[in-house]
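Novice: Please read through the structure below; I'll follow up with questions.
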Amino acid sequence: MVAFGFLIALEIAARRYGLPGPITTQAQEVVFAPKSGFLLYASMALMMVVLTWRQRFIAAGAAIGIDVTFLLVRWATDAKVTDGHPFGNGALWVILGCAVIAVTRRTGRERVLLLKGVGLALLLVAGRKTGDTWLLITSKTRPAVLDQYVATADHALGNPSWLVGRMVTATGPIGARFLDYVYTQLAVAAVIVTLYQLRNVAIERRFPGHHLVRTFLVIGLLGPAIYMIFPVVGPIFAYGADGGHWAVADLWPDTPPPVNIPHHMPFDEITPRNCMPSLHTAWATAIFIHSRKGPRILQFAGAFWLIATLGATLGFGYHYGADLVAGVVFTLTIEAALRSLARGWDRSGIQLVTYGATVFAALLVSYRYLPMEMAKHPWVFGPLLILAAASVVYGYVRTTKRWESKAAPARQPEPQPELV
């Protein structure tokens with residue numbers, strides 16, 4: 001009910017600016033070409049963790065059949081797909097069909113389990129739509145941005161966006177396309193990890209207390225609230241050609257910005273203020289954390305996706321280095337809170353969440369009020385920023401290992417032979 005109320009509130013807010021909200025855009029994809037067919041099929045795969053193998057084959061076949069029908073109808077009517085993907089409608093139809101089956105054909109625990117699967121799928125899709133709506137709202141409600149403050153503070157880290165931007169440019173179109181694919185398909189990577197975590201749901205007939213999708217959704221819910229407090233558009237817009245006449249100058253990625261006293265700067269009403277913190281870094285960090293319990297290939301994939309996402313966020317000029325540091329701390333704090341909620345709050349959980357939230361707030365305050373000091377003394381503030389983030393990482397690893405050791409069942413002593 002809370003999530004539904006939140007969606008309605010966003011729908012109303014978007015309508016005030018003459019824009020379609022998350023409910024409208026999702027309803028349109030029942031018929032029109034979806035923005036991301038991959039995401040819809042990934043969401044359907046999440047829902048299918050509650051189904052038997054036979055039911056999964058039927059659901060997948062139905063989704064493909066519906067998509068083929070849509071393709072034939074579009075071909076017959078000469079309806080060209082100019083935006084989005086020509087597939088994915090079938091997956092959404094199957095998800096909604098399973099919701100109808102749960103209400104009309106299931107009872108008791110089986111109904112609840114199937115509805116949880118449908119809800120998980122729809123929440124993942126709604127999270128993407130909600131994020132899109134939030135980005136539109138930030139561009140309409142925050143006319144001034146704080147890029148000059150973050151860019152100045154970023155001198156303490158060595159202006160990594162400019163450095164990685166030149167590296168990505170040197171790789172040519174092949175490297176750029178590869179990183180762009182990693183960057184845009186982050187949700188699909190999350191689904192792969194989640195499918196591993198939920199692989200036993202169909203057998204156990206219940207969901208685990210905590211999994212990756214919960215962290216993903218909370219990051220997407222809380223992150224835009226920080227956008228509203230700390231609006232930043234990113235170096236490619238504030239200091240690059242993509243910013244047009246709104247940009248300070250066309251400096252990215254060849255020339256790092258000079259150290260001058262920063263000011264609020266006006267920007268257009270189109271570009272999202274979605275940099276602080278870097279939610280792509282936050283989501284990739286969450287994927288990395290949850291992949292640690294999987295097989296070696298999943299661990300490798302989680303590490304790869306994190307490294308590649310960091311490269312893309314910096315190399316495309318979407319984020320400053322300071323955004324990434326804040327994103328890591330943001331994720332670990334949320335993950336600690338959700339794990340504490342699942343296992344029951346105790347002193348160590350409260351301390352970890354409080355410490356993470358304090359470090360995150362301190363980062364934002366320092367970016368806003370100490371950027372000149374950070375730029376003038378990079379050998380002091382650069383290591384301090386890294387140490388602050390590392391301390392949260394260390395606290396998280398240490399605390400969660402203690403939780404896991406307490407949760408592990410005690411080994412029973414093996415029976416010893418007795419003398420007769």
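The values are calculated or read from the model by the stated rules, or taken from the named source; none is laboratory data. Only a predicted model underlies this, so the values are computations on that prediction, with no experimental measurement involved. Every residue, glycine as well, gets a Cβ built from its backbone with ideal geometry; the counts of neighbours run over all protein chains shown. Please note that ligands, DNA and RNA were not included when accessible areas were found on the heavy atoms of the full protein model with its side chains. Shrake-Rupley method; radii C 1.70, N 1.55, O 1.52, S 1.80 Å.
Novice: Assess whether Ala303 counts as being small (Gly, Ala, Ser), in contact (Cβ under 8 Å) with a residue 60 or more places away in the chain and out of contact with any Lys or Arg (no Cβ under 6 Å at 6 or more places or on another chain).
Specialist: no
Novice: What residue, of Ile58, Ile95, is in contact (Cβ under 8 Å) with a residue 40 or more places away in the chain and among the β-branched types (Val, Ile, Thr)?
Specialist: On inspection, the qualifying residue turns out to be Ile95.
Novice: Continuing with this model, one more query. Suppose we filter Ala176, Ala151 for residues that are open to solvent by less than 20 Å² (accessible area, probe 1.4 Å), assigned to a helix (DSSP H, G or I) and within 21 Å of Phe237 (Cα to Cα); which single one remains?
Specialist: Ala151
Every residue, every condition in (1) in a helix (DSSP H, G or I); (2) aromatic (Phe, Trp, Tyr); (3) more than 20 Å from the chain's Cα centre (by Cα), yes or no:
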residue: Ala59; (1), (2), (3): yes, no, yes
residue: Val68; (1), (2), (3): yes, no, yes
residue: Lys80; (1), (2), (3): no, no, yes
residue: Ala99; (1), (2), (3): yes, no, yes
residue: Leu114; (1), (2), (3): yes, no, yes
residue: Leu124; (1), (2), (3): yes, no, no
residue: Trp134; (1), (2), (3): yes, yes, no
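Novice: Show me the helices (runs of 4 or more DSSP H) entirely contained within region 182-242 in which 3 or more residues are open to solvent by 10 Å² or more (accessible area, probe 1.4 Å). Talk me through it step by step, then tell me what you get.
Specialist: Numbers: elements: 186-197, 201-204, 212-229, 235-238.
Once the helices (runs of 4 or more DSSP H) in region 182-242 are filtered for at least 3 residues that are open to solvent by 10 Å² or more (accessible area, probe 1.4 Å), what remains is 186-197, 201-204, 212-229.
Novice: For Gly327, indicate whether it is open to solvent by less than 30 Å² (accessible area, probe 1.4 Å) and at pLDDT below 95.
Specialist: In short, no.
Novice: Another one. Could you pull out every one of the helices (runs of 4 or more DSSP H) wholly within region 274-358 that has 1 or more residues that are touching a Ser or Thr at 6+ places or on another chain (Cβ under 6 Å) and of a type in the set (D, E, K, R)?
Specialist: Working: elements: 279-291, 296-315, 321-343.
Answer list for region 274-358: 321-343.
Novice: For a quick check of your reading of the model, give me the residue pairs whose first member lies in region 266-283 and is charged (D, E, K, R) and modelled with pLDDT under 90, whose second is open to solvent by 10 Å² or more (accessible area, probe 1.4 Å) and assigned to a loop (DSSP other than H, G, I, E, B), with beta-carbon atoms closer than 9 Å and at least 6 apart or on different chains.
Specialist: Pairs that qualify, where the first residue is charged (D, E, K, R) and modelled with pLDDT under 90 and the partner is open to solvent by 10 Å² or more (accessible area, probe 1.4 Å) and assigned to a loop (DSSP other than H, G, I, E, B), are Glu269/Pro143.
Novice: Return only the number of the condition from (1) under 15 Å from Ala282 (Cα atoms); (2) of a type in the set (Gly, Ala, Ser); (3) buried (at least 19 other Cβ atoms within 10 Å of the Cβ) that Ala156 does not satisfy.
Specialist: Ala156 satisfies every listed condition except (1).
Novice: For region 28-54, give me each residue that is open to solvent by less than 60 Å² (accessible area, probe 1.4 Å), out of contact with any Phe, Trp or Tyr (no Cβ under 9 Å at 6 or more places or on another chain) and assigned to a helix (DSSP H, G or I).
Specialist: Those that are open to solvent by less than 60 Å² (accessible area, probe 1.4 Å), out of contact with any Phe, Trp or Tyr (no Cβ under 9 Å at 6 or more places or on another chain) and assigned to a helix (DSSP H, G or I): Leu39, Ala42, Ser43, Met44, Ala45, Leu46, Met47, Met48.
Novice: Out of the residues in region 249-264 meeting the condition of being surrounded by fewer than 17 Cβ atoms within 10 Å (Cβ to Cβ) and aliphatic (A, V, I, L, M), tell me which one is nearest to Thr152 (Cα to Cα).
Specialist: First pass over region 249-264, keeping only residues surrounded by fewer than 17 Cβ atoms within 10 Å (Cβ to Cβ): 249-250, 254-255, 258-261, 263-264.
From what is left, the residues that are aliphatic (A, V, I, L, M) are 249, 259, 261.
Values: Ala249: 14, Val259: 6, Ile261: 8 Å.
Among those residues, the one meeting the criterion is Val259.
Novice: Looking only at residues in region 338-354 that are within 16 Å of Val393 (Cβ to Cβ) and crowded, with 19+ Cβ neighbours inside 10 Å, which one is nearest to the chain's Cα centre (by Cα)?
Specialist: Among them, the one singled out is Arg339.
Novice: Moving to a separate point now. Pick from Ala312, Ala326, Ala286: which is in contact (Cβ under 8 Å) with a residue 40 or more places away in the chain, within 13 Å of Val182 (Cα to Cα) and aliphatic (A, V, I, L, M)?
Specialist: Ala312
Novice: Might you check whether a residue that is touching a Phe, Trp or Tyr at 6+ places or on another chain (Cβ under 7 Å) and open to solvent by 50 Å² or more (accessible area, probe 1.4 Å) occurs anywhere in region 113-128?
Specialist: Scanning region 113-128 turns up at least one residue that is touching a Phe, Trp or Tyr at 6+ places or on another chain (Cβ under 7 Å) and open to solvent by 50 Å² or more (accessible area, probe 1.4 Å).
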